[in-house]
Amino acid sequence: MGLNTGGGVYLGTPRTVGGGCHHAGMGLGEGTGEGMDGERWWGIVHDARAAVGARADDRDAADDRDAADDPLVEAVTERLARLSPEDIVAFDVRYVAITDSAYRRPLWNAAYLIEGGCGDDGFMDFRAGLMLQGRAAFERAVADPDSLADLPVVRRMGIEGRGWLGCEGFSYAARDAYRRARGEAGTFDAAMEAALKRTARPARPEGDDWDVEDEAETLRRLPRLAALFSGAES
């Protein structure tokens with residue numbers, strides 16, 4: 001058996017939150033997200049990681065949203081809530097572009113191996129958590145999923161059987177920050193819904209696919225992760 005894709009092709013469709021579509025927008029009104037380039041976007045993530053220090057990867061369960069022991073999402077949300085409404089929307093625009101850039105089968109297969117299975121929503125959360133690792137780690141993993149074996153949280157998962165990389169809560173950070181700053185999120189939802197209609201999204205993941213449960217093939221393609229999660233490393 002290969003990837004668990006929930007019986008269909010993942011379309012990158014946003015979760016529905018509070019009656020509106022989430023994290024697929026271009027901005028309020030005619031905004032294009034130009035106020036949130038990659039450098040600024042990643043700077044917010046890096047600043048939040050620095051603020052929480054050694055606790056940046058305190059995430060020990062798949063159901064991590066609102067977990068009291070995971071301060072990183074709250075650190076990001078606090079920083080977003082200080083921005084203008086337009087910039088909060090622009091942050092989510094950039095979020096969509098970055099997560100879409102990682103919509104690749106080799107990375108999905110790596111997530112399946114690391115998590116012991118990974119469906120549509122699980123891969124959304126996996127990419128969100130990977131983004132919270134910072135730009136360098138994210139870009140390395142997209143280019144070479146086997147590099148995930150370098151991440152302390154992934155090594156902890158493989159060796160100690162604890163920790164979690166995926167982070168559902170990050171996908172809601174911009175909306176939560178907008179609500180915190182404005183007292184409502186209806187205009188945020190409307191902007192995202194409108195933008196989704198004019199935003200090109202990948203219809204299917206790119207890259208080579210293979211049966212992750214074919215141990216020999218997975219060892220060939222992801223040798224370090226396969227060793228880590230087969231118990232070959234100690």
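Can you give the charge dipole size of the stretch 136-234 about its Cα centre, rounded to the nearest 20 debye, using +1 on the beta carbon of Lys and Arg and -1 on the beta carbon of Asp and Glu? Kindly include the intermediate steps, with their values, before the conclusion.
Details: 15 positive and 19 negative charges, 146 e Å.
That gives the stretch 136-234 a dipole magnitude of about 700 debye.
Calculate, in nm to one decimal, what ARG140 and GLU160 gain on full extension: separation in residues at 0.36 nm each, minus their alpha carbon distance. Spell out each step's value before the answer.
Numbers: separation 20, 0.36 × 20 = 7.20 nm, distance 2.37 nm.
Contour length minus the Cα-Cα distance gives 4.8 nm.
For each of CYS118, CYS167, count neighbouring Cβ atoms within 10 Å of the residue's Cβ, then give the residues from fewest to most.
Details: CYS118 23, CYS167 26.
Listed from fewest to most nearby Cβ atoms, that is CYS118, CYS167.
With contacts defined as alpha carbon pairs under 8 Å and 6 or more residues apart, what's the relative contact order of the stretch 138-196 in percent?
Values: 22 pairs, mean separation 8.3, N = 59.
Reported as a whole number, the value is 14 percent.
If you average the sequence gap of Cα pairs under 8 Å that are 6 or more apart and divide by the length of the stretch 86-179, what percent do you get for the contact order? Please list the in-between numbers first.
Details: 75 pairs, mean separation 32.1, N = 94.
About 34 percent, as a whole number.
Distance in nm between label sites at GLU213 and GLU86, each 7 Å beyond Cα in the beta-carbon direction?
Label-label distance for GLU213 and GLU86, simple model: 5.2 nm.
Coordinate-derived values only; no laboratory data. This one's a predicted model, so the numbers in the text were calculated from it and none came from an experiment. Methodologically, a virtual Cβ is constructed for each residue, glycine included, from the backbone with ideal geometry; neighbour enumeration extends over all protein chains shown.
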